[in-house]
Amino acid sequence: MTPVVTVVDLHTDIALSKGTVRPVSGVSFTVNKGESLGIVGESGCGKTMTALSIMRLLPPGGRIVGGSIALADVDLVAMDEAGMRRIRGDRVGMIFQDPMTSLNPCMTIGDQVSETVLLHREVTREHARERAAEVLDLVGLPHAKERMNSYPHLLSGGMRQRVVIAMALACDPELLIADEPTTALDATIQKQILELIDDLRTRLDMAVILVTHDLGVIAGHTDRVAVMYAGKIMETSPTPELFANPRHPYTEALFRARPENAGSDRKLYAIPGLPPDLSDPPRGCRFAARCAYATEECRAQEPELTGDNHAFACFHPLGINQQAAPNPPTPLATAQAAAPLLEVRNLVREFPVTSNGVLQRKIGAISAVADVSFTVGAEETFGLVGESGCGKSTISRLLVAADTPTSGSITFDGIEITGKSNRELRKYRGDFQLMFQDPYASLDPRMRVGSILREPLVIQHRGSAVDQENAVVRLLDEVGLPRTALRQYPHEFSGGQRQRIGLARALALRPKLIVADEPVSALDVSVQAQILNLMRDLQREHRLTYVFISHDLSVVRYVATTIGVMYLGKLVEIGPAEQVYTAPVHPYTRGLIDTIPLADPQRERRKSKAGVRGELPSAMNPPSGCRFRTRCPRASDKCAVEEPLMLPFSVQGHRAACHHPLRSPIPLSTSAHTAPPRP
Amino acid sequence: MTGFITRRLLQSLIVVLLVTVIVFILLHLLPGGPARAQLGPRATPTAIASFNHQMGYDRPVPVQYWNWLTQLATGNLGFSTQFNQSVISLIAERLPKTLVLTILSIILALAVAIPLGILQAVRRNNLADYVITFWAFVFYATPSFFLGVVLIVVFSVYLPILPAEAPQSASIQVILSQPGGLILPVATLALLTIAQFSRYMRSSVIENLAEDYVRTARAKGAGERTVLIHHVLRNSLIPIATLLGLSLPTIFSGALITEAVFNFPGMGQLFWTAAQTQDYPIMLGITVLIGVVTVIGSLLADLAYAVLDPRVRFA
Amino acid sequence: MTAIPAGDATLQHSPKTHGFTRTMSAVLTNKLAVVGLGIIVAFILFCYAGPLIYHTDQIHIELSRAALPPSAAHPLGTNEVGYDQLGRLMVGGQTSLEVGIAAALLATVFGTVWGAIAGYTGSFIDSAMMRVVDALLAVPALFLLLFLASIARPTAWLLILVIALVSWLGPARLVRGAALSLRTRDFVTSARLMGGGPWRAVFRHIAPNAIGIVVVNATFQVADAILVLAALSFLGLGIPPPAANWGDMLSSGISYTYAGYWWLIYPPGLAIVCVVIAFNFLGDALRDSFDVRLQKR
């Protein structure tokens, strides 16, 4: 084992106008040749700053104030800037989070990749371009040679990330640092990129540091893990060991907050509170304030990171194989036989594509939603899942009448809402509300929280001014915010708190239905658990019906009673949540489940080759027949010609549209006799 | 990209038509209307009436507009009684000189402002940045005629090294052969633009330096110079093309003042003379022409933008 | 309730540090803004309170006192027709400031309304309204102003009107852009989904969020209007005497450049430069303070 990089007691400061933040305080680790280290933690824990410290690419004001970083035999902390430039891109390569912004929009990808070579090797332009084509081919960019002169905006996100990887690898680095390399990508693409990094690591015998917030990503793709919290490593060990036997309460809490590990009848474990302010970290253990096991000792004194192979910094570690107390149960909404509240029939939404010319002729249409039908029972949670661009957000807008369908009907509580004017809709609007994805954009930055929550009541003329004031206070209590919030502005709150405000606003009119469009995807896993628990509690209290839209199948499985899976505008599978998740029949659903990174190294490695391959086709010219056929392992000629019909697969309403399902449908006659009137 | 060009062309055409409408309205705003404009302030009411009949100004307004527009299209911008010359030939004589003045000053402005802006961005919040910013504010806040006079006082009165007047010649060759006389007018006009462009360039470079792709370039091992020249410069220059298009009207306004200060025989000075003597055919003609030149200029700037930015070029 | 009232630390702020107070405190911490505001206040005092202390005759021409250099009796000398230059600087400043501020306000209000309507309605009406703006922008302002000023004999009111006529285009474009992007924002959609109408969207959500750029722009507009007024005066189309403004004073002083009457040139010139810079400083500082608020969003 030859160590490639050894970090010892690293301290990094960032000087801001209002004080100095210490995002990295005393981090140590080693990564060997051919080994992969995962650094995991929630936002603001210092994992990215650790990575940037190794590259010495800290943001303005950032400075390494202590410790050493040894790359083989050289100390990177003591290195001068010219020396660092020779190392960056040559001996250490780095991949960044957002492939949409990390490429220069005005340079061809060939030039951008060959730039790395030209900066570090005495070669001609032609040689550099040859090498660039070679690396682009290596990272799996189709037709690499022909694409050398393409500009980044012509490539999809996944392809751009491959180009960024090619740039990082062009000079055969000893160490590759990947900072959240797949966070901005869809699950199916994420899997492909992670496998690519794995594959390249073995082939090129590199050391890899994989920085991520997702324990699932760590499980399948790293040899060792370091869990970071508030600028420190809390626990580090070989990957299987950590997952089998977490010792630090924070690591354990991270696991328990993941919805994939929770039975859908259990509450998620939510870590209370927020991480400490890193410009003034607390004395003692930094996790103490949020830790269920903390004692006086923890608050007074800081525990050291101790242990050889499996090290952790805790005075009260969890015992080996000690089972954590199960999460408290949450009564399930009893909705199974309820009457339908929402009926969607043959919903179609097309966005016209006009020519850029003078007359703006219509030259085509993006088929965002194509003939989708489903029913949602009262007090049920209907989960809608799919990759970005599958049409799920369009449906959310249609359901709350923020947009008008091209054709089809939406019936809410027996009332047809399509084709109604805004004026007519006004009196129904209080019954169905939308909860937005982005907690930053959905609250008016110039209104106090009190006014934001009162606005729906004012618009709908509910009660007197005093009634409204009281209602607002009640709402704050319900979503667990202090009353002082009334006089504050949205920017004074964290993302999770803002999402609480958004939920309170959606609740203000006491709606029957809340359509939640990716309500937790902008949040850290522990905060996500808080919001999901809250949504469930409120559902029970107010007999709410949810349509819960997400790209994350494990979240949807946890919250939903029924799941619908969408692909490129089509509903391909629908049914009771457990059936769809454990026994999917559509190859796409199967593939989507296989792409979810699980926080379990054994299961992760077992399923390694499964998953959906390739990229999403254009919705402007969707494939004929079955839209999934271009990426489907089971596709036949029939799939290209004939569009599959929805067939029943269980008497509980599990249905899918596939010519080659993973098991046979039940005979139509049986289902006709015994299936309930719902899907 | 062809879609972008056709759309922009069509927009420009509409804007040109609207410019003619504006000028047509101005024509009718004149006390006594177009007849007074053509015949001058001393014309008798009878003369006006007969002129109106003869020229069709007693017909419905849309017909008048159409006739006037067709006249414009054939290059008939009217006749100046004071100069006893057709407006088009007067403009033809003066326009090239104004173009020489404005184009030289734009080139000078860009040549100075771009490096200055980059310098300020790289050394931001340093002494150099503050000094340049301060002078940019001062030049921006100085009325251009005042600036011109200060330059004259310094360079022609105290250190008499440059002439206070621009070369008075009908031919461009002669003007260009006496570059000394051009220095002060071009500098006056350029200083204002420099003040504006350098501040814009500064913020554009600062913005681009904070972009993710710059961090990627640094992660490749690129040094400051490579980052600036290969990555940031091009991306920062693209918006300058648009700014240039938007600044054309300001630059033409500046040229009007500069020509008046330095007695430079260009179109601005002609316009000013015409305004003092209420020679409306000249004023209207120049207004239409400058409007058209501005529209064409912004169109070219937008096309340059499209060529420079691959996201538009290959859209 | 099991939900955790998370992050109480962030909720302890004093509720007083909001809105206007906050903007003002942000402005006051910016040194440039303090300098700018200070200069503006000083000039307002000078122009309006000054004549109460320092009495001069700015009506009657007194050629016997023409073009006297600065002295004890006339700290800034007298001009070519015998007006006391210091007193005239005060009176002239009133006109310059009044015309500048009034024209900027008028242009801002009209431009904002125009831009808001175009941006909020979108589609065909938007294109039509914006082409009008483009066309007016294509005719350089000074040409248009000179033309208009040559038709009628200028008065202060007419000048305010014509300067506003060429200045409303900037705010119109700015506000339209802001409205276009704001109307698709989630919080505007949200108001619609509660049943709120377009008026609420515009007045409760779009306008308060666009007000920042409007205020910043208005500050720059004042500076520009003072410069335009000066340029018009130089071209001989300012307000006729005995009324005065800095531009008139400067341009008539300039005709005596070669006579060496420096006191006729530099005081009004510097006054214009200082006030214009001051408004620009203030505008920049306001923009920064609004930006900070948006970043913290």
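The values are calculated or read from the model by the stated rules, or taken from the named source; none is laboratory data. Model, not experiment: these values are computed from the prediction. Note that each Cβ is placed from the backbone with ideal geometry, even for glycine, and that neighbours are counted across all protein chains shown. Heads up: the accessible areas ignore ligands, DNA and RNA and are worked out on the full protein's heavy atoms, side chains in. Shrake-Rupley method; radii C 1.70, N 1.55, O 1.52, S 1.80 Å.
In the range A:99-148, what residues drop by 20 Å² or more in accessible surface going from the chain by itself to the full protein assembly, probe 1.4 Å?
A:T101, A:S102, A:N104, A:P105, A:C106, A:M107, A:E115, A:L119
Quick one: if you take sqrt(5λ) for each eigenvalue of the C-alpha gyration tensor of the protein assembly as shown, what semi-axes come out, biggest first, whole angstrom?
After scaling each eigenvalue by five and taking roots: 63, 37, 32 Å.
Quick one: accessible area per residue over the range B:1-159, 1.4 Å probe, rounded to a whole number of Å²?
52
Shape of the range C:78-296 from its Cα gyration tensor (a ≥ b ≥ c, root eigenvalues): rounded if a/c is under 1.5, otherwise prolate when a/b > b/c, or oblate?
Values: a/c = 3.33, a/b = 2.12, b/c = 1.57.
Because a/c hits 1.5 or more and a/b exceeds b/c, the range C:78-296 counts as prolate.
Peptide A:80-93: average number of partner chain Cβ atoms within 10 Å per residue?
Mean shielding by partner chains, rounded to a whole number: 3.
Express in whole angstrom the spacing between the alpha-carbon centres of the range B:103-118 and the range A:219-276.
What the calculation gives is 57 Å, centre to centre.
At 0.36 nm per residue, and after removing the present C-alpha to C-alpha distance, how many nm does the segment from A:H143 to A:R283 gain when stretched out fully?
My answer for the length gained is 44.8 nm.
By its C-alpha gyration tensor, with a ≥ b ≥ c as the square roots of the eigenvalues, how is the range A:101-172 shaped: rounded for a/c under 1.5, else prolate for a/b larger than b/c, else oblate?
It is prolate, given that a/c is not under 1.5 and a/b is the larger ratio.
Counting alpha carbon pairs within less than 8 Å and at least 6 residues apart, what relative contact order, in whole percent, applies to chain C?
With pairs under 8 Å counted, the relative contact order is 25 percent.
Over the range A:434-536, what lengths in whole Å, largest first, do the semi-axes of the equivalent ellipsoid take, defined as the square roots of 5 times the eigenvalues of the alpha-carbon gyration tensor?
21, 15, 12
P(r) for chain B, please, calculated from all Cα pair distances in 20 Å bins and given in %.
With 20 Å bins starting at 0, P(r) equals 27, 49, 22, 3, 0.
Using packing as a proxy for protection, rank B:255-265, A:422-432 so that the peptide with the highest average count of other Cβ atoms within 10 Å comes first.
B:255-265, A:422-432
How many nm is it between the label spots at B:W135 and A:E195, if each spot is 7 Å from the Cα in line with the beta carbon?
With each label placed 7 Å out from Cα toward Cβ, I get 6.2 nm.
Over the range A:169-254, calculate the relative contact order: mean separation of alpha carbon pairs under 8 Å at least 6 apart, over the residue count, as a percent.
Relative contact order here is 23 percent.
Over chain A, what is the relative contact order in percent, taking alpha-carbon pairs closer than 8 angstrom and at least six residues apart?
12
Any idea what angle helix B:2-29 forms with the longest principal axis of chain B, computed on alpha-carbon atoms, 0 to 90 degrees, nearest 10?
The angle comes out at about 40 degrees.
Using a 7 Å offset from Cα along Cα-Cβ at A:T20, what residues in the range A:268-302 end up with backbone N under 18 Å from the label point?
Answer for the range A:268-302: A:277-283.
Between the range B:159-235 and the range A:593-645, how far is it from one alpha carbon centroid to the other, in angstrom?
Each part's Cα centre sits 54 Å from the other's.
Note the angle between two axes, namely the Cα long axis of helix A:449-459 and the longest principal axis of the Cα atoms of chain A, as a number of degrees from 0 to 90, rounded to the nearest 10.
Tilt of helix A:449-459: around 20 degrees.
Each residue of the range B:259-273 in turn: what ³J(HN,Hα) in whole Hz from Karplus with 6.51, -1.76, 1.60 and θ = phi - 60°, glycine and Pro shown as x?
4, 5, 5, 9, 6, 8, x, x, 6, x, 5, 4, 5, 5, 4
Based on DSSP H runs of at least 4 residues, each adding -39500 (n - 2.57), what is the mean residue ellipticity at 222 nm of the protein assembly as shown after dividing by all its residues, to the nearest 500 deg cm²/dmol?
On the way: 49 runs with 648 residues, N = 1291.
Theoretical 222 nm ellipticity from helices: -16000 deg cm²/dmol.
Have a look at the range B:210-301 and give its Rg and Dmax from the Cα atoms, expressed in angstrom.
Rg, Dmax (Cα atoms, Å): 21.2, 66.
How many nm separate the modelled label positions at A:R474 and B:D58, each set 7 Å beyond the Cα in the direction of the Cβ?
Computed distance between label sites A:R474 and B:D58 equals 8.0 nm.
Of the peptides C:271-279, A:50-58, A:556-564, how do they stack up when ordered by the mean number of other Cβ atoms within 10 Å, highest first? Don't skip to the end; give the middle numbers.
Details: C:271-279: 23.6, A:50-58: 21.6, A:556-564: 25.3.
The peptides rank, most packed first, as A:556-564, C:271-279, A:50-58.
Between A:D172 and C:A72, what is the label-to-label distance in nm when each label sits 7 Å out along the Cα-to-Cβ direction?
Roughly 9.3 nm, to one decimal.
Which whole-percent values make up P(r) of the range B:271-311 when all C-alpha to C-alpha distances are grouped in 5 Å steps starting at zero?
Computed distribution, short to long bins: 6, 22, 15, 15, 11, 9, 9, 6, 5, 3, 0.
Of the listed pairs A:K392/A:K638; A:K145/A:K570; A:K267/A:K427; A:K47/A:K570; A:K145/A:K392; A:K33/A:K191, which have alpha-carbon separations greater than 31 Å here?
Result: A:K145/A:K570; A:K267/A:K427; A:K47/A:K570; A:K145/A:K392 exceed 31 Å.
Given a 1.4 Å probe and every protein chain left where it sits, what share in percent of the accessible area of the range A:101-172 is carbon and sulfur?
48
Nearest 0.05, what FRET efficiency do A:L57 and A:S388 give at R0 = 30 Å with Cβ-Cβ as r?
Efficiency for this residue pair is about 0.55.
Could you please state, rounded to a whole Å, how far the C-alpha centre of the range A:11-27 is from the C-alpha centre of the range A:90-149?
Each part's Cα centre sits 34 Å from the other's.
How charged is the neighbourhood of C:G115? Take every other residue with its Cβ under 15 Å from the Cβ of C:G115, and add Lys/Arg as +1 and Asp/Glu as -1.
+2
Across peptide A:436-445, how many C-beta atoms of other chains are within 10 Å of each residue C-beta, on average?
Whole-number average of other-chain Cβ neighbours for A:436-445 is 5.
How well do other chains shield peptide C:276-289, expressed as the mean number of their Cβ atoms within 10 Å of each residue Cβ? Show your work: numbers first, answer last.
Details: counts 6, 6, 2, 1, 4, 2, 0, 0, 3, 0, 0, 0, 0, 0.
Shielding by partners across C:276-289 averages 2.
Would you mind telling me the share, in percent, of accessible area of the range B:98-185 contributed by carbon and sulfur at probe 1.4 angstrom?
About 74 percent, which is the carbon plus sulfur part of the accessible surface.
Report the FRET efficiency, 1/(1 + (r/R0)^6), for C:K31 and B:L243, where r is their Cβ-Cβ distance and R0 is 25 Å, rounded to 0.05. Could you put the intermediate results ahead of the total?
On the way: r = 28 Å, r/R0 = 1.12.
About 0.35, to the nearest 0.05.
Given R₀ = 56 Å, FRET efficiency for B:N126-A:I666 by Cβ-Cβ distance, to 0.05?
Calculated transfer efficiency: 0.15.
To the nearest 100 Å², how much accessible surface do chains C and A hide from each other in total, with a 1.4 Å probe?
3800
Go from 0 up to the bin containing the longest alpha carbon distance in chain A, width 10 Å each, and give me the % of pairs per bin.
Result returned by the calculation: 3, 14, 23, 25, 20, 12, 3, 0.
To test your reading of the geometry: what angle, between 0 and 90 degrees and rounded to tens, separates the Cα axis of helix A:495-507 from the longest principal axis of chain A?
So the helix axis and the longest Cα principal axis differ by about 0 degrees.
Taking a quarter of the surface of the Cα convex hull of the range C:141-222, what do you get in nm²?
Averaged projected hull area, Cα only: 6.6 nm².
How many percent of the alpha carbon pairs in the range A:342-674 exceed a separation of 34 Å?
Working: 16272 of 55278 pairs.
Tail fraction, whole percent: 29.
Among B:10-22, A:586-598, A:81-93, how do they line up from the highest to the lowest mean number of other beta-carbon atoms within 10 Å?
A:586-598, A:81-93, B:10-22
List the accessible area buried at the contact between B and A, summed over both sides and calculated with a 1.4 Å probe, in Å² to the nearest 100.
2500
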